[in-house]
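Okay, so here's the structure we're looking at.
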Amino acid sequence: MEILQAAMAGTLESSDAQVTVEPGDGSVELTLSSSVMNQYGRQIKATVLETLERLNVSSAKVTVVDKGALDCTLKARVECAVFRSCGASAENIPWGGAIR
């Protein structure tokens with residue numbers, strides 16, 4: 001998927017994450033801050049990058065501000081931000097396809 005415009009998903013509440021995606025320069029540039037960085041920083045980064053790869057995003061600037069979100073929440077926030085940035089709506093989201 002191609003990131004067409006900046007988009008955001010999530011909040012800064014406890015146990016959530018705020019994910020922002022913007023058009024990139026040919027690669028994925030990830031900026032991550034987390035209240036649990038020392039304990040789970042590698043896992044958060046891996047989850048975000050795996051989700052972007054599964055959605056075929058190869059060029060994006062991604063900023064994640066994590067407040068202790070579970071992996072399933074991180075995946076949902078990344079997916080939502082990516083689909084919003086591509087102009088996807090409920091009618092054209094590939095349910096059962098790219099979303100697993």
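The values are calculated or read from the model by the stated rules, or taken from the named source; none is laboratory data. Quick caveat, the model's predicted, so the values are computed rather than measured. When we count neighbours, we look across all protein chains shown, and the Cβ atoms used for this are built from the backbone with ideal geometry, even at glycine.
What are the residues in the stretch 1-18 that are closer than 23 Å to S58 by Cβ and not hydrophobic (A, V, I, L, M, F, W, C), if any?
At the first step, the residues of the stretch 1-18 found to be closer than 23 Å to S58 by Cβ are 1-10, 17-18.
Within the stretch 1-18, E2, Q5, G10, Q18 qualify.
Among what's in the stretch 30-44 and is in a helix (DSSP H, G or I) and among the polar types (S, T, N, Q), pick the residue that is farthest from L70 (Cα to Cα).
Result: N38.
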ask   = Going through the stretch 20-29 one residue at a time, which ones are among the acidic types (D, E) and either surrounded by 15 or more Cβ atoms within 10 Å (Cβ to Cβ) or closer than 12 Å to G68 by Cβ (or both)?
value = E22
key: Test for G26: is it more than 11 Å from the chain's Cα centre (by Cα) and of a type outside the set (V, I, T)   = yes
message = Given the criteria touching a residue at least 60 places away in the same chain (Cβ under 8 Å) and either touching a Lys or Arg at 6+ places or on another chain (Cβ under 7 Å) or not small (G, A, S) (or both), does L4 qualify?
response = yes
inquiry  = Can you find, within the stretch 73-99, the residue that is farthest from E50 (Cα to Cα) among those that are modelled with pLDDT of 80 or more and part of a loop (DSSP other than H, G, I, E, B)?
reply    = G87
